[in-house]
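Laboratory data are not the source of any read-out in this text; all were calculated from the coordinates shown. For clarity, every value in this text was computed on a predicted model and none was experimentally measured. Using ideal geometry, Cβ is built from the backbone for each residue, glycine included, and neighbour counts are taken over all protein chains shown.
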Amino acid sequence: MGEFPLKILMVSSEAIPFAKSGGLGDAVSALAKALFRLGHDVRILIPRYYSIDKRQLEQLEGPMGVPIGNLELWTSVYQTNLPETDLPVYFLDYEAYFGRSGIYGADSQHEYMDNPERFALLSKAAFQLCRKLSWVPDIMHVHDWPSSLVPVYLKTTERNSEFKDTASVLTIHNLGYQGIYSKEHFPFFGLDWTEFHGSGFEYHDALNLLKAGITSADSLSTVSPTYAREIQTPGFGFGLDGLLRHRSRELVGILNGIDTDTWNPETDPFIPAHFSAENPEGKALCKEALQKTFGLPVDPSVPVIGMVVRLTEQKGIAEMFGPGYGAVPEVCKTMHAQFAIVGSGDAWCEKELKTLSHLYPHFKARIGYDEKLAHLVEAGSDFYMMPSRYEPCGLNQMYSLRYGSLPIVHRTGGLADTVENYNQDTGDGTGFMFDDPTPRALYNTIGWAVWAWYNRKEHITLMRLKAMQSTFSWEKSAGEYVALYSHALALHASKR
Ligand code: ADP
Ligand code: GLC
């Protein structure tokens, strides 16, 4: 069984600063870094997408053959360290699969047709890489459906190999994405058809990669305690709640932290003035810069509601912007508040944001992905809107708390675990929460926040102070993952 320090291989489709489409990329690198700081031998494997410049990396000697099914695919591996650490990050290079600009598709609407093959190769290559390095990890920690085949291979083809004592942990960052494909892809994986059954890959006669991972991994986790409970119910289970209830004893919720090297209002290089709970003055300058940058009327007395978001159903875009029924156009018509939004995603919503920006001088949205602007929005806003239908953890509400922008959130998943609802009698709390994910409830809650802004100024000051003092430490989360790894190793040993 593994001993301290543990050898941990993270296999993922995303890891910042190399590849990111959402919070997964942030979480994987930050967790790895925190584990590394605790003294563990942790390493990361991701694909070498076209957007990752090879010239910045070092190539490992020789090609690496990856046997998969009846094939042997010839790949190469590049390496560098995670910035400011000695933590090795390996990049699987295979031009035919990863020599493209996107991670999952050319854009968020068009997935690559060969994703099962692409990510099966990544999963299979994890083992070949370890062989090449003569390094057998105690734990293979995989994230979401793209690396879900790793636990399957550990349990099947690698069962009696040098990896026989390696335990697997699968973290579910978002149950809404399961990797469901036609079963025609199955033969490529090089697994026996006997693995294609209702307690494995099979899902309504199709392939479900996440489901296979959930049934095979020694231990399971998700990214907040509330989400861990929610996904075991039909309302949040995306068809896998029964399976998750079945594996309930092996499933834990561990809250993500935030990377305070990047998200710290006292040092953030992207914002025009620094501030903290003790010295909050700089925030007013950030608000002014935000209003100027977005072309909003520069007025410190009007509250700014910010948001940085992937425009997908999950995030409550219909409840916010649905034409004719969304809450935000109503707010624009009836309340004295401004909006500053950065986002990209579903085409109808991008269009709606452009229309609203055109219609209202106090509503401005930037379409696109913009890291720098994201920091300015967090720093310069007074409130942060996050009415997600479901939210496994959510990073933005934690960033906003740290930057003193009070979140307006649906009480679900990680939002429920990180935001404390406003108590109108005492002024206690860090944000504004609602229970029903409807446009009406969102409208009312924005109204409540705006009311407090104009009528309970002293409460807003108190809440902002409390919000900025919240700590979401990766060190604490990493400690909980280490406990999970020990548990996974014990479970794995008991099965052998
Ligand atoms: P999710 O992963 O579901 O999108 P999270 O809140 O966990 O939600 O993480 C989102 C991450 O992606 C945050 O770091 C956020 O700042 C970033 N992000 C999302 N959209 C954009 C955008 N348009 N521009 C810049 N950053 C963005
Ligand atoms: C997913 C979830 C988000 C979470 C992130 C990192 O993208 O949607 O809630 O914060 O993963 O774990």
### Query
What aspartates and glutamates could a cross-link reach from residue 466, if we take a straight Cα to Cα line under 18 Å and drop same-chain neighbours fewer than 8 places away?
266, 278, 281, 378, 382, 417, 420, 425, 428, 458
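To the nearest 20 debye, what charge dipole does region 323-423 have about its Cα centre, counting +1 at the Cβ of each Lys and Arg and -1 at the Cβ of each Asp and Glu?
Details: 9 positive and 11 negative charges, 48 e Å.
That gives region 323-423 a dipole magnitude of about 220 debye.
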### Query
Any idea what the alpha-carbon Rg over 2.2 N^0.38 Å comes to for region 375-496?
1.28
## Note on the structure
Taking Cα atoms only, helix 457-468 is inclined relative to the longest principal axis of the chain by an angle, in degrees rounded to 10, of 20
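Take the alpha carbon gyration tensor of region 255-367, find the square roots of its eigenvalues, order them as a ≥ b ≥ c, and report rounded if a/c is under 1.5; if not, report prolate when a/b exceeds b/c, else oblate.
Values: a/c = 2.26, a/b = 1.44, b/c = 1.57.
Verdict is oblate for region 255-367.
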### Query
Using θ = phi - 60° and the Karplus form 6.51 cos²θ - 1.76 cosθ + 1.60, what ³J(HN,Hα) does each residue of region 25-34 get, whole Hz, x for Gly and Pro?
x, 5, 5, 5, 5, 5, 5, 4, 4, 5
### Query
So what is the relative contact order of the chain, in percent, for Cα pairs below 8 Å that sit 6 or more residues apart?
13
### Query
For region 22-59, list residues with backbone N below 19 Å from a point placed 7 Å from the Cα of residue 161 toward its Cβ?
43-47
### Query
By how many degrees, between 0 and 90 and to the nearest 10, does the Cα long axis of helix 371-380 differ from the longest principal axis of the chain?
40
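Ordered by packing density, taken as the mean number of other Cβ atoms within 10 Å over each peptide's residues, highest first, how do 25-38, 299-312, 71-84 rank?
Details: 25-38: 23.4, 299-312: 20.2, 71-84: 15.4.
Most protected by this proxy first, the peptides run 25-38, 299-312, 71-84.
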### Query
How would you order 129-138, 281-290, 411-420, 100-109 from highest to lowest mean count of nearby Cβ atoms within 10 Å?
411-420, 281-290, 129-138, 100-109
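What is the magnitude of the charge dipole of the chain about its Cα centre, with +1 placed on the Cβ of each Lys and Arg, -1 on the Cβ of each Asp and Glu, and no other charges, expressed in debye to the nearest 20? Numbers along the way, then the final one.
Numbers: 44 positive and 58 negative charges, 50 e Å.
Dipole magnitude for the chain comes out near 240 debye.
Could you size up the charge dipole of region 282-468 around its Cα centre, putting +1 on the beta carbon of Lys and Arg and -1 on that of Asp and Glu, and report it in debye to the nearest 20?
Approximately 440 debye in magnitude.
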### Task
Would you please give the residues with an amide H less than 5 Å from that of residue 75, counting only those at least 5 places away or on a separate chain, with H modeled from the backbone geometry?
64, 65, 66
### Message
Just to check I understand the Karplus step: with θ = phi - 60° and J = 6.51 cos²θ - 1.76 cosθ + 1.60, what whole-Hz values come out for region 298-311, glycine and proline as x?
### Response
7, 8, x, 7, 9, x, 9, 9, x, 6, 10, 7, 7, 7
### Task
Work out the charge dipole of region 282-468 with +1 on the Cβ of Lys and Arg and -1 on the Cβ of Asp and Glu about the Cα centre, then indicate which of 284, 454, 328 is farthest towards its positive end.
284
#### Entry: Pairs beyond 27 Å (Cα-Cα), from 20/457; 20/155; 20/351
20/457; 20/155
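For residue 292 and residue 114, FRET efficiency with R0 = 41 Å and r from the beta-carbon atoms, rounded to 0.05?
According to the calculation, E is roughly 0.35.
Under 1.5 on a/c is rounded, so check that first for region 1-64, then, if it is not, pick prolate when a/b is larger than b/c and oblate when it is not; a ≥ b ≥ c are the square roots of the alpha carbon gyration tensor eigenvalues.
Values: a/c = 2.35, a/b = 1.33, b/c = 1.77.
Oblate, since a/c reaches 1.5 and b/c is not below a/b.
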### Query
Do the sum for the chain: with -39,500 (n - 2.57) for every DSSP H run of n ≥ 4, divided by all residues, what is the mean residue ellipticity at 222 nm, to the nearest 500 deg cm²/dmol?
-10500 deg cm²/dmol
### Message
Quick check: from the Cα gyration tensor, does the chain come out rounded (a/c under 1.5), prolate or oblate?
### Response
prolate
## Note on the structure
Given Cβ charges of +1 for Lys and Arg and -1 for Asp and Glu, the option among 344, 490, 28 whose Cα lies farthest towards the positive end of the dipole of the chain is 344
### Task
Using per-residue counts of other Cβ atoms within 10 Å, averaged over each peptide, order 210-217, 239-246 from highest down.
210-217, 239-246
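Can you say what percent of the DSSP beta bridges in region 282-468, counting only those with both residues inside, are antiparallel? Round to 5. Kindly include the intermediate steps, with their values, before the conclusion.
Details: 1 of 24 bridges.
Counting DSSP beta bridges with both partners in region 282-468, the antiparallel share is about 5 percent.
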### Hz values of 3J(HN,Hα) by residue in region 123-137 - Karplus curve (6.51, -1.76, 1.60), Gly and Pro given as x
5, 5, 5, 4, 6, 5, 4, 4, 5, 4, 8, 6, 9, 9, x
### Summary
In degrees, nearest 10, the alpha-carbon axis of helix 439-455 is tilted away from the dominant principal axis of the alpha carbons of the chain by 50
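Percent antiparallel among DSSP beta bridges with both residues in the chain, to the nearest 5? Don't skip to the answer; put the middle values down first.
Values: 21 of 69 bridges.
Bridges in the chain that DSSP calls antiparallel: roughly 30 percent.
May I ask you to compute the full-extension gain from residue 371 to residue 135, defined as 0.36 nm times their residue separation minus their alpha-carbon distance, rounded to one decimal in nm? If you can, show how the numbers build up before the last one.
On the way: separation 236, 0.36 × 236 = 84.96 nm, distance 3.60 nm.
Result for the pair: 81.4 nm of gain on full extension.
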### Summary
The answer for residue 393, listing residues at least 5 apart or on another chain whose modeled amide H is closer than 5 Å to its amide H, is 414
### Message
Amide H of residue 306 versus every other amide H placed in the peptide plane: which residues, excluding those fewer than 5 positions away on the same chain, fall under 5 Å?
### Response
340, 382, 383, 384, 385
